Amino acid sequence: MIMRRIIHQLFLATLCGMSSLRAADAPNPAADAPKPPQQPESGPGGKEVLDAAVTAESRGSGAQAYWLFEPAKPAPKTAPLIVFNHGWAAMDPRIYMAWINHIVERGNIVVFPLYQDSLLTPMNDFTPNAIAAVQDAIHTLQTEPGHVKPELGKFAIVGHSMGGAISANMAALCKARGLPLPGAVMCVEPGKTWGPAWATIQLEDLSQIPSTTLLLTVTGDQDQVVLDIDAKRIFKESTQVPPANKSYVTLISDGHGQPALNASHLAPIAFAPLPSEEKGQSAGAPGATAASPMPAQGIEEKVSAKGDMPGSGAANGTIDALDFFGTWKLLDGLTDAAFYNRNRKYALGDTPEQRFMGLWSDGVPVKEMRVTDHP
């Protein structure tokens, strides 16, 4: 019996070895498949930057802690202020750091509220915590030496997943809570307000979002986590915002080449180290009490454990066309339009520039995003 088991195991091992040899000798279709688009050199979503460096500083404590990211080299005296609200449990900014770097290098300050200090933070506290963090960040930037001063007339809010819902709430409450009125708001795969009570957030009266706000709600066609329910709610319930000043956008997956472009719930994730880690320094300012970031390996394990679209660029943290022709381009165009009255066609109006997602290496266009004002 023992000898039979040994022979059986040797047989299986031989089979596996032969299979591996055949796999190694066989043609690799992925190697010959078209490659995804590269990041454009300039324009919204592009490589062109105003500031060559980013500083990172953790501030505050508990669920009202936050990160401050400021442009440097050269450091401007003043800069627009953009709030970046993360997804549920994604308190470590490295999960989105490549996108944050892109925003800051274009000459903006980014505030990254934690809004939760554990998975047990009540969801009803998320929006008040995020608002408190932004209020403290504005005070810090305005009063402490060594910071880039915020241009509060150029204020925008962006968020992904739970952060997308928080962003809509923050925009609705800005006037009542004494925050600057947002010139631009972008809610990416927002949610969710439905499901078990312990796992849902309530939307505020979104009719209070100012009429002067430029608004985007963005979904992914393969998002099986929050679907499109709350994106549609935010778009429809923001009744003060004129139709011409908002768009409902769907990012479309495309498997024409390799790696495929999968517009899943994890598509906006963009891993990168904190600026201080790249220089071998510790993050945070003296006296800062924000929670230490999760080790990078832990982040990747946490995200991959969700099993959302395995093998996609988003799942393994790479940056692709869904970033720089999708979410990055849309936010750049939206904030450029709100702050400087330029590049509106890259974010609003169902224009070719807004829909364009780049070209595969064989010249075939990537499937365009869908844009509508009647979702």
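Some observations on this one:
- Point-charge dipole on Cβ atoms (K/R +1, D/E -1) for the stretch 184-234, about Cα centre, debye to 20: 80 debye
- Here the ratio of the Cα radius of gyration of the stretch 53-372 to 2.2 N^0.38 Å is 0.92.
- For residue 40, neighbours were defined as the other residues whose beta-carbon sits under 14 Å from its Cβ, and their charges (Lys and Arg +1, Asp and Glu -1) total -3.
- Kirkwood Rh (inverse of mean 1/r, distinct Cα pairs), the stretch 134-228, angstrom: 14.4 Å
- Alpha carbon centroid spacing (whole Å) that separates the stretch 204-237 from the stretch 37-75: 25 Å
- Reported value for the stretch 325-370: 65 Å³ per residue, from the convex hull of its C-alpha atoms.
- The loop-placed chymotrypsin sites (Phe, Trp or Tyr not before Pro) in the stretch 172-241, going by DSSP, that have at most 15 neighbouring Cβ atoms within 10 Å of their Cβ come out as 194.
- Directionally averaged shadow of the stretch 213-253, computed from the convex hull of its alpha-carbon atoms, nm²: 2.8 nm²
- Assuming charge only on the beta carbon of Lys and Arg (+1) and of Asp and Glu (-1), the dipole of the stretch 53-372 about its Cα centre is about 740 debye to the nearest 20.
- Kirkwood-Stokes translational diffusion coefficient of the stretch 27-143, alpha-carbon pairs, 20 °C, 1.002 mPa s, µm²/s: 135 µm²/s
- Where labels lie 7 Å past Cα in the beta-carbon direction, separation of residue 340 and residue 48 in nm: 0.8 nm
Any read-out appearing in this document is the output of simple, stated calculations on the displayed coordinates, not a laboratory observation. Here the structure is a predicted model, which means the values were calculated and not measured. All Cβ positions, even for glycine, are placed from backbone atoms using ideal geometry, and neighbour counts span all protein chains on display.
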